[in-house]
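> What follows is a single structure, and I will ask about it in a moment.
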Amino acid sequence: MRILRRTLVAVLSVAAVFTAAPPAGAATNPYTPAEVCGAGYRVISSLPAKTDGGSKWGGVYLLYKAGGDNCVVTIKWSFIGVATDTFAGLYLDSEDSSRNFYDRGNFKYYAVVRGHAPQCISYAGWVGDKTGDAGTSAVAVSGWGWCD
C-alpha cells in the first residue's frame, strides 16, 4: 500500500507540472492595445474573438481618446508572428458603409483602425488561421453603443 501511495503521489506531481507549464514554444503577443493605438487612448470595451467551437484566438478592443477619437485593435492570441487574415473594424453608420473604418490584411500581431466618432458606434474584429478568405476565423462583434 505504501508503494502504491508513493507511486500515485509521484504520478500526480508529474501531472501537475505538465498541467501548469505552458506549451513548449508558446508565444505571447508583445503588443498591448494602448501601445498600438497610441498616447491618450484607453480601453473602454473588449470582446474575445472566438471560433464556432469556442476557442479564443484574440481580443478585440475599443479604445477612446478625449474629443471623440476611437481606436479598434484586434490583438492576436493565436498564430502570433505568423501572417494570417486579421481584421479590425469601427462602424459609425449601419446604413452608409462609406463612413466606416476597416483594417484587414495578413498581419503577424494585430490589426488596428482609428476614426473620429461623435455618435453611436459598433466594433468588430477577427483572427484567421490562414491568409485570405480560406480557413477558420475567430470573430467578435459588438452591439451599437458608446453614444455621446
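The values are calculated or read from the model by the stated rules, or taken from the named source; none is laboratory data. Nothing here was measured: the structure is a model prediction, and the numbers come from that model. Don't worry about glycine lacking a Cβ; one is built from the backbone with ideal geometry, like all the others, and counts go over all protein chains shown.
> Quick check: is even one residue across segment 117-124 modelled with pLDDT of 95 or more, outside any loop (DSSP other than H, G, I, E, B) and more than 21 Å from residue 39 (Cα to Cα)?
Among the residues of segment 117-124, at least one is modelled with pLDDT of 95 or more, outside any loop (DSSP other than H, G, I, E, B) and more than 21 Å from residue 39 (Cα to Cα), which makes the answer yes.
> Then there's this: If residue 78 passes every condition in (1) modelled with pLDDT of 90 or more; (2) not in a loop (DSSP other than H, G, I, E, B) but one, which one does it miss?
Condition (2) is where residue 78 drops out.
> Would you pick out the residues in segment 90-100 that are of a type outside the set (D, E, K, R), over 17 Å from residue 38 (Cα atoms) and surrounded by 14 or more Cβ atoms within 10 Å (Cβ to Cβ)?
Correct list: 91, 92, 100.
> Of 16, 27, 49, 34, which residue is over 28 Å from residue 121 (Cα atoms), at pLDDT 50 or above, aliphatic (A, V, I, L, M) and surrounded by 10 or more Cβ atoms within 10 Å (Cβ to Cβ)?
27
> Further, regarding this structure: Conditions first: (1) under 23 Å from residue 29 (Cβ atoms); (2) out of contact with any Gly (no Cβ under 8 Å at 6 or more places or on another chain); (3) modelled with pLDDT under 95. Residue 143 passes all but one, so which condition is the exception?
(1)
> Count, please, the residues in segment 25-74 that happen to be of a type in the set (Asp, Glu), free of Cβ contacts under 8 Å to residues at least 24 places away in the same chain and in a strand (DSSP E or B).
0
> Please go through (1) within 15 Å of residue 128 (Cα to Cα); (2) among the aliphatic types (A, V, I, L, M); (3) over 16 Å from the mean Cα position of the chain (by Cα) for residue 75 and return the number of the only condition it doesn't satisfy.
(3)
> Do we have any residue at all in segment 86-102 that's modelled with pLDDT under 95, out of contact with any Cys (no Cβ under 6 Å at 6 or more places or on another chain), within 25 Å of residue 28 (Cα to Cα) and acidic (Asp, Glu)?
No, that holds for no residue.
> What are the pairs, 6+ residues apart or on separate chains, where a residue within segment 82-110 that is part of a helix (DSSP H, G or I) has its Cβ under 9 Å from a residue that is surrounded by 19 or more Cβ atoms within 10 Å (Cβ to Cβ)?
Note: pairs meeting the criteria are 97/91; 99/91; 99/92.
> Residue pairs, Cβ under 6 Å, 6 or more apart or interchain, first in segment 116-128 and exposed (fewer than 15 other Cβ atoms within 10 Å of the Cβ), second of a type in the set (A, V, I, L, M, F, W, C) and assigned to a strand (DSSP E or B). List them.
Here the result reads none, with nothing in segment 116-128 linked to a residue that is of a type in the set (A, V, I, L, M, F, W, C) and assigned to a strand (DSSP E or B).
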